[in-house]
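Written below as structure tokens is the structure these notes are about.
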Amino acid sequence: SYLLDTAPPQITAAGPTTYQTSSSVTLTAETNENAYCRYSTTSQGYTSMPNQFTVGEGTTSHSKTLTLPDNPYNYYISCTDTLNPMTTSSPVSFTVDTVTPTTSDNAQAGWQTAAVAITLTPIDAAPSSGFAMTRYCIDTTNTCIPETEGTDYTVPVPIPNQGRSYFRYNSKDN
């Protein structure tokens, strides 16, 4: 009895595919059969790729953890089952964004003689994953926590009460 294998493995899933908020990124590949995989920053076949996956070789689940600075990335993955190396590669595109957004406001310090509406301006330096949210909270004791007790920011915020009010805010990446 013998097995005939004339086709290279197929990559059925690869990642990551979204913004990464850590510089430690795990490149992954799933294959339809036991395989050995390599990766590169240029599209080429398996035998030309210089970098070997370090986890899962000879299985269907492969990974390699990379440490990368903030930037967009394009990697290519190609595999072999020892008999049939892939001559093409599967692309993986993602962006590393480890810098959290900053937010500024137009609030004036000190006592005001008229009602105040505060405008928030979140800024996320490139490469930016965009904002998941900007939240704020208002209290008289300076203890509220925008992330857990806050309100989603959409328009300038009126300060509702006469007397001392504390306005706290925070923005989060996608």
Single residue of the range 1-38 satisfying the filter (without any contact (Cβ under 8 Å) to a residue 40 or more places away in the chain and touching a His at 6+ places or on another chain (Cβ under 9 Å)) that is farthest from Y75 (Cα to Cα): E30
Scan of the range 118-153 for residues that are in a helix (DSSP H, G or I), open to solvent by 80 Å² or more (accessible area, probe 1.4 Å) and in contact with a strand residue (DSSP E or B) (Cβ under 8 Å, 6 or more places away or on another chain), ordered by number: E149
Residues within the range 63-102 that are touching a residue at least 60 places away in the same chain (Cβ under 8 Å), closer than 25 Å to P8 by Cβ and of a type in the set (A, V, I, L, M), tallied: 4
Pairs where the first residue, in the range 145-164, is within 13 Å of V116 (Cα to Cα) and the second is open to solvent by 70 Å² or more (accessible area, probe 1.4 Å) and modelled with pLDDT of 85 or more, C-beta under 8 Å, 6+ apart: N161/T140; G163/T140; R164/T140
Some residue of the range 107-115 being surrounded by 14 or more Cβ atoms within 10 Å (Cβ to Cβ) and assigned to a loop (DSSP other than H, G, I, E, B): yes
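The values are calculated or read from the model by the stated rules, or taken from the named source; none is laboratory data. This structure is a prediction, so every number in the text was calculated from the model and none was measured. Backbone-built Cβ (ideal geometry, glycine too); neighbour counts: all protein chains shown. When the accessible area is computed, the model is the full protein with side chains, heavy atoms only, and any ligands, DNA or RNA have been set aside. Shrake-Rupley method; radii C 1.70, N 1.55, O 1.52, S 1.80 Å.
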